[in-house]
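Just below is one structure, and these are the notes that go with it.
The values are calculated or read from the model by the stated rules, or taken from the named source; none is laboratory data. Predicted model only: the values in this text are computed from it and were never measured. Neighbour counts are summed over all protein chains in view; Cβ atoms, including those assigned to glycine, are modelled from backbone coordinates with ideal geometry. SASA here: full protein model, heavy atoms, side chains in, ligands and nucleic acids out. Shrake-Rupley method; radii C 1.70, N 1.55, O 1.52, S 1.80 Å.
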Amino acid sequence: MELNEAIENAKKNNQAAFKFLLDYFWNDVYGFQLKRTNNESDAEDITIETFSKAFDKLHTYNSEYNFKTWLITISKNLHTDLVRKEKIRFFQKNNASNVDDFHQIADESPSPEDNIITEQNLAKLLRDIKKLKPAYQEVIQLRYFQEMSYKDIASQIDEPINNVKVKLLRAKKLLAEIITKK
């Protein structure tokens, strides 16, 4: 499949074209983020988010520009936003502790009410996950409940690692849509 053809097909929601673009540009975007973050997990998360955002906004892509440059720009902006949010959180956390001259030790163990709320939220989440297709349920289960790595999931379901990442990405998006519809 030619690159321009894949982009046009992806604009028409062709799943094979999405997979082609993901496979074709994954190493470029991941390598870019790995250099910026020096952290494999962060680089992978930002790369997945980059493709998610790019595929959502694919209709805005202008073919006068290089697709790789467009992806890298999205990736760079996502990383910049992440760094900015972390700085704000760090500043707020440090400012809050410096406001008072005394330190209060808070009991951080959950109250019985917190435990009930957590159990109710988990039960609701599990019901929402069951609304997904079985393949999506499986990757969510393996990644977030059994805390398996992408590599281990790929091995268990006998699919390439990039397919696992795409399935997880789609599963999370569909789950978010189910949750926000309520």
Inset, instruction - State which residue pairs qualify: first residue in contact (Cβ under 8 Å) with a residue 12 or more places away in the chain and assigned to a helix (DSSP H, G or I) and inside the stretch 127-143, second residue hydroxyl-bearing (Ser, Thr, Tyr) and surrounded by 13 or more Cβ atoms within 10 Å (Cβ to Cβ) in any location, beta carbons under 9 Å apart, and separation of 6 or more residues or different chains. - result: 129/136; 143/149; 143/150
Inset, instruction - Give the residue, chosen from 8, 2, that is farther than 14 Å from residue 166 by Cβ and surrounded by fewer than 14 Cβ atoms within 10 Å (Cβ to Cβ). - result: 2
Inset, instruction - Please go through the stretch 144-161 and pick out each residue that is modelled with pLDDT under 90 and touching a Leu at 6+ places or on another chain (Cβ under 6 Å). - result: 148
Inset, instruction - All but one of (1) in contact with an Asp or Glu (Cβ under 9 Å, 6 or more places away or on another chain); (2) open to solvent by 70 Å² or more (accessible area, probe 1.4 Å); (3) at pLDDT 90 or above hold for residue 138, so report the exception by its number. - result: (1)
Inset, instruction - Look through the stretch 35-63, keep the residues that are in contact with a helix residue (DSSP H, G or I) (Cβ under 8 Å, 6 or more places away or on another chain) and of a type in the set (Ser, Thr, Tyr), and return whichever of them is surrounded by the fewest Cβ atoms within 10 Å (Cβ to Cβ). - result: 63
